[in-house]
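Engineer: A single structure is presented below for examination.
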Amino acid sequence: MKKVLVVDDSAVWRTYLQNLLEIHGYAVEVAKDGLEGLNRFFSFLPDTVIVDYVMPKLNGVHFTRFIRSFSTFKNVGIMILTGAEETINPFWAKKSGANAFLKKTASQSEIERTVLEFVAKPFSMEWSRELYALHIEPFGELVDILEESLRDSTITKEILQLSEYIYDEKLVMKKIYNLFTELFEFDNFYACVSTYSHARVYAFGNKELSNPNSVFEKAEEIRFFSYFKYIDVYYEDTERKIENAIGEVITRKEEPIGFIIIENPKVPEVAERILALANYSISLIFDLLNYHKLLGSQKELEEITGAYDRHAITGKIVNLIDFSKRNQLPLSFVSIKLLNLRKLYTSKGTDYTNQLLRTFVKFLEEQLSDTIARIELGKFLAVILGKNVTPVQKQLESFQIIFNES
């Protein structure tokens, strides 16, 4: 049974929404203000929240922003309700992290239809180690909430300020390490930042550092990095293996672009919380580092497949658009995504998969265009000038079958 939390300082609205939802089969709990709502949220763990905007102690926007500061609650649905004279609008509701916005001045039929359609969507509470810790020890006082929120925003700000140092990747990693040493105790810090074909590994610490292989193999969730052929290691490696560590994969637009491993944290729960919190801001920095790395390399072609990389293709597209306009030639863009590529790396190995990718790019160049770019790990872009793509559509589909069945 899906769970819904209703947070409103109006007893009439709490009762009205609770009755509406329970009649339609939902488990419902209510809270009379924002602070009580947070405590109920962490104990009830709802899939969806309906929260009023103006409330005592903590309003609906601050409630929403605090919930969204935890990555583990990203799939929880949040709807903000407002009265007639309240100034919040859908734009600000969305910016706070809410999924929907509804005025209480709407007709009863519209309110009921909108609410029921909203809670029926596939929102969910996802369990994690972070969630378990929060469930055991929820926040009891408003001062605790403000302190946690301040800590979160401060860490994010500190990391984003590192963008001014992107010209020196090692310095950026050193500063992230230094920041973490101020936040919690641990022995060693390992970081990997990567494009889809090239990885750089850094390590800093006060103990004997480990070798690259043990860094890559330590955590199950980061093993997909082991297929990189081009790995630069920025420390003197040893043969010692990592025995006790926690890891966090850094993602950008749902694509992994690196990871961080903390060896021997004194309080693992604190390290896990900070790593989860810092993931998004670190992902922005890692993305900038990759962009700067590719621009500085003066290489246009991606090393594994020979296709253009995602930064070099930008200039090519601008020139092709200009050429097509001047010569009145059709210009097409074909996005091609290969499914199960990481699974293929695991099952068939690096050499086999990379050779298959090279063959695939060669096929695209022969059949479609000589302007092929690798945008993501398994995503390619073909820029086609003055040519119809229909004749090779079946061949593209057959290639996808090869990748799926390999």
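The values are calculated or read from the model by the stated rules, or taken from the named source; none is laboratory data. Note that this is a predicted model, so its numbers are computed, not measured. Because the Cβ atoms are built from the backbone with ideal geometry, glycine has one as well, and the counts that use them run over all protein chains shown. Ligands, DNA and RNA are stripped out before the accessible areas are found, and what is left, the full protein with its side chains, is counted by its heavy atoms. Shrake-Rupley method; radii C 1.70, N 1.55, O 1.52, S 1.80 Å.
Engineer: Might you check whether a residue that is surrounded by 15 or more Cβ atoms within 10 Å (Cβ to Cβ), charged (D, E, K, R) and farther than 21 Å from ILE67 by Cα occurs anywhere in segment 257-264?
Structural biologist: The answer is yes; a qualifying residue exists.
Engineer: Look at segment 53-73 and say how many of its residues are open to solvent by less than 10 Å² (accessible area, probe 1.4 Å) and without any contact (Cβ under 8 Å) to a residue 60 or more places away in the chain.
Structural biologist: Number of matching residues: 5.
Engineer: Let me ask another. Which condition number in (1) of a type in the set (S, T, N, Q); (2) more than 20 Å from TYR190 (Cβ to Cβ); (3) surrounded by 16 or more Cβ atoms within 10 Å (Cβ to Cβ) is the one that GLN328 fails?
Structural biologist: Result: GLN328 fails condition (3) only.
Engineer: Do we have LEU81 as open to solvent by less than 50 Å² (accessible area, probe 1.4 Å), modelled with pLDDT under 85 and either closer than 30 Å to ALA203 by Cα or not in a loop (DSSP other than H, G, I, E, B) (or both) here?
Structural biologist: Considered against the rule, which asks whether it is open to solvent by less than 50 Å² (accessible area, probe 1.4 Å), modelled with pLDDT under 85 and either closer than 30 Å to ALA203 by Cα or not in a loop (DSSP other than H, G, I, E, B) (or both), LEU81 comes out as no.
Engineer: Cβ-Cβ under 7 Å, sequence separation 6+ or interchain: first residue in segment 305-321 and touching a residue at least 60 places away in the same chain (Cβ under 8 Å), partner buried (at least 19 other Cβ atoms within 10 Å of the Cβ) and part of a helix (DSSP H, G or I). Which pairs?
Structural biologist: THR305/LEU357; THR305/VAL361; ALA307/VAL361
Yes/no per residue for (1) modelled with pLDDT of 80 or more; (2) part of a helix (DSSP H, G or I):
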residue	(1), (2)
SER283	yes, yes
TYR291	yes, yes
GLY296	no, yes
GLU303	no, no
GLY315	no, yes
ASN319	yes, yes
SER324	yes, yes
PHE333	yes, no
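Engineer: Within segment 265-275, which residues are touching a residue at least 60 places away in the same chain (Cβ under 8 Å), assigned to a helix (DSSP H, G or I) and open to solvent by 20 Å² or more (accessible area, probe 1.4 Å)? Before the answer, list the steps.
Structural biologist: As a first pass, look at segment 265-275 and keep what is touching a residue at least 60 places away in the same chain (Cβ under 8 Å): 265-267, 269-274.
Narrowing further to those that are assigned to a helix (DSSP H, G or I): 269-274.
Across segment 265-275, the qualifying residues are GLU269, VAL270, GLU272, ARG273.
This table checks each residue for (1) at pLDDT 85 or above; (2) assigned to a loop (DSSP other than H, G, I, E, B); (3) open to solvent by 90 Å² or more (accessible area, probe 1.4 Å).
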{"position": "THR87", "(1), (2), (3)": "no, yes, yes"}
{"position": "ALA93", "(1), (2), (3)": "no, no, no"}
{"position": "PHE101", "(1), (2), (3)": "yes, no, no"}
{"position": "GLY140", "(1), (2), (3)": "no, yes, no"}
{"position": "LEU150", "(1), (2), (3)": "no, no, yes"}
{"position": "SER163", "(1), (2), (3)": "yes, no, no"}
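Engineer: Here's a follow-up. So for segment 315-323 (the condition being touching a strand residue (DSSP E or B) at 6+ places or on another chain (Cβ under 8 Å) and of a type in the set (Gly, Ala, Ser)), does at least one residue qualify?
Structural biologist: For segment 315-323, residues touching a strand residue (DSSP E or B) at 6+ places or on another chain (Cβ under 8 Å) and of a type in the set (Gly, Ala, Ser): absent.
Engineer: Only one of (1) basic (Lys, Arg); (2) over 22 Å from ILE257 (Cα atoms); (3) modelled with pLDDT of 85 or more fails for ARG358. Which number is that?
Structural biologist: (2)
Engineer: Now for a different question. If we keep just the residues of segment 26-52 that are closer than 17 Å to VAL115 by Cβ and charged (D, E, K, R), which is surrounded by the most Cβ atoms within 10 Å (Cβ to Cβ)?
Structural biologist: Filtering first and then ranking leaves ASP52.
Engineer: Any idea which residue in segment 294-310 is nearest to GLU254 (Cα to Cα), counting only those that are surrounded by fewer than 19 Cβ atoms within 10 Å (Cβ to Cβ) and of a type outside the set (Gly, Ala, Ser)?
Structural biologist: Ranking the qualifying residues of segment 294-310, first place goes to LEU294.
Engineer: For segment 338-377, which residues satisfy the criterion of being of a type in the set (S, T, N, Q) and open to solvent by 10 Å² or more (accessible area, probe 1.4 Å)?
Structural biologist: Across segment 338-377, the qualifying residues are ASN340, THR346, SER347, THR350, GLN355, THR359, GLN367, SER369, THR371.
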